[in-house]
Amino acid sequence: MTSPRDPRELIRRHDQQAQAAEDDAVAAVVGPVERAFTALWRWLLARWARLFGKPATQAAGQPLRDLLDDLTARIVGIGLGPVDALLVHAQRARLMGADQGAREAGIPPLGDPGEVDQATRDAIERGVQWAQQKLATGADELARLDTADLDEVLRHATVARQAKAILERTARTAWNSELNAGIRAAAKASGARLVWVAERDACVDCLAQSGQVIDWDGQFNPARTFGKKARVFHGVLHGPPRHPNCRCRVSPWLGHDAAGALSVTHDWAEAIREAEAKGDTVAADAARRAAAAAADSASFDLPAALRREAERSILNGYALPSESERVRVQAADRLLARIGAGKNSRSPSGWQVPASVKKRAERALKAGTFATRSVPTGRK
């Protein structure tokens, strides 16, 4: 059972809330585009049946030209224009991140976590432009067809449908960028540092970041990975998201030793006395929460726990379907080599790996596959 002083439980609850809100934001932004494409495909199938009958009919001439002209006009006419909507949801993500970060740091909610970063605004603009280009490209490809059956028409039209995937990726990246920006603002306000928190089935690059700590305005090492070579998307890595659809997050970290935890705050006992003397119960309660957060931080080494959890994930082969099993098998092989075969050998993070965990990993390496890649439910 998770210790009540283990901050991972609160972080994971916040993560679940953020992911649910992210899904809602994506549905609000991408949903209208998806519905437009669904209606378009229905129209196309019905129109083709009336004009040419069977899907395998090889259509040509003016009837095909009229159909394609109508289809391309409908594709280009699909309204994207979600820049404003994306910015609204990005600001909400920043506010949520600031609120969650303040709770994790044990400080009162921030009054103003700031506006959406310019880098996020630029990424949103680029994503929407790219999606619009896909619509235009799909329309151009259809316009060049002289003869085609229904499958060929649909195949060329699918290029335009990639606009939906681009918008979804843009929305998720913007959401997570601003969520973490809000958490960073809370860390700055509380005098905390930042620790990277990866999901247990994150990629081998993100798992290698889990448990790493930086100053709130610092940089993570982009070359860190459990794999052969890290994918470096940007030369500077201030935090998640590290790659498209990344759902890692950071959390304020006050230090795991009592002296360190208190050194980045102030004398909470004195703050409580001053607030009580002034009759300011709100400030007194806030100081008590901050003192409790510092005490919790002092009693639990969160970065070490996250690093152990990441290594366990690699040895167990936990991964999303988007990452090849070969990558995970190779990562487990490298990690086992670093741990060694000794009975009391330790992992790079200092964890004394149980023999049962090593044996399962060794069996997976011999078989070239893991028994399961899914993170067990009920244990996060």
Legend entry - Selection count where residues are within 20 Å of GLU168 (Cβ to Cβ) and at pLDDT below 95, scope region 90-115: 0
Inset, instruction - Go through (1) exposed (fewer than 12 other Cβ atoms within 10 Å of the Cβ); (2) free of Cβ contacts under 8 Å to residues at least 40 places away in the same chain and name the single condition ALA56 misses. - result: (2)
Inset, instruction - Can you work out which of the residues in region 184-231 that are of a type outside the set (Gly, Ala, Ser) and part of a helix (DSSP H, G or I) is surrounded by the most Cβ atoms within 10 Å (Cβ to Cβ)? - result: LEU207
Inset, instruction - Could you please let me know if ALA73 is at pLDDT 95 or above and under 29 Å from LEU167 (Cα atoms)? - result: no
Inset, instruction - Just one of (1) at positive phi; (2) surrounded by fewer than 20 Cβ atoms within 10 Å (Cβ to Cβ) trips up GLY239, so point out which. - result: (2)
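Okay, residues lined up against (1) free of Cβ contacts under 8 Å to residues at least 40 places away in the same chain; (2) surrounded by 19 or more Cβ atoms within 10 Å (Cβ to Cβ); (3) touching a helix residue (DSSP H, G or I) at 6+ places or on another chain (Cβ under 9 Å); (4) of a type outside the set (Asp, Glu):
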residue	(1), (2), (3), (4)
ALA310	no, yes, yes, yes
LEU315	no, yes, yes, yes
SER324	yes, no, no, yes
TRP351	no, no, yes, yes
ALA355	yes, no, no, yes
LYS359	yes, no, no, yes
ALA364	no, yes, yes, yes
Inset, instruction - From (1) over 30 Å from the mean Cα position of the chain (by Cα); (2) β-branched (Val, Ile, Thr); (3) not assigned by TED's automatic domain parsing to the domain that holds HIS243, pick out the condition that doesn't hold for VAL353. - result: (1)
Legend entry - Long-range neighbours under 7 Å by Cβ, at least six apart or interchain, first residue in the same structural domain as ASP69 (by TED's automatic domain parsing) within region 129-142, second not in a helix (DSSP H, G or I) and not acidic (Asp, Glu): ALA131/LEU80; GLN132/LEU80; LEU135/ILE78
Legend entry - Which listed residue is basic (Lys, Arg) and within 17 Å of ASP205 (Cβ to Cβ), from ARG360, ARG346, ARG308, ARG326: ARG326
Inset, instruction - Among the numbered conditions (1) under 20 Å from ARG126 (Cα atoms); (2) within 22 Å of the chain's Cα centre (by Cα), tell me where ARG92 comes up short. - result: (1)
Legend entry - Cross-chain or 6+ apart pairs with Cβ under 6 Å, region 21-37 first and modelled with pLDDT under 90, then among the aliphatic types (A, V, I, L, M) and exposed (fewer than 15 other Cβ atoms within 10 Å of the Cβ): none
Inset, instruction - Output the helices (runs of 4 or more DSSP H) that fall wholly within region 286-380 and possess 1 or more residues being at pLDDT below 85 and over 30 Å from ILE272 (Cβ atoms), or say none. - result: 355-367
Inset, instruction - Check whether at least one residue in region 193-209 is outside the structural domain of GLU311 (by TED's automatic domain parsing), in contact with a helix residue (DSSP H, G or I) (Cβ under 6 Å, 6 or more places away or on another chain) and polar (S, T, N, Q), and report yes or no. - result: no
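The values are calculated or read from the model by the stated rules, or taken from the named source; none is laboratory data. Treat the numbers as computed from the prediction; the structure is a model and nothing was measured. Reconstructed Cβ throughout: ideal geometry from the backbone, glycine too, with neighbour counts over all protein chains shown.
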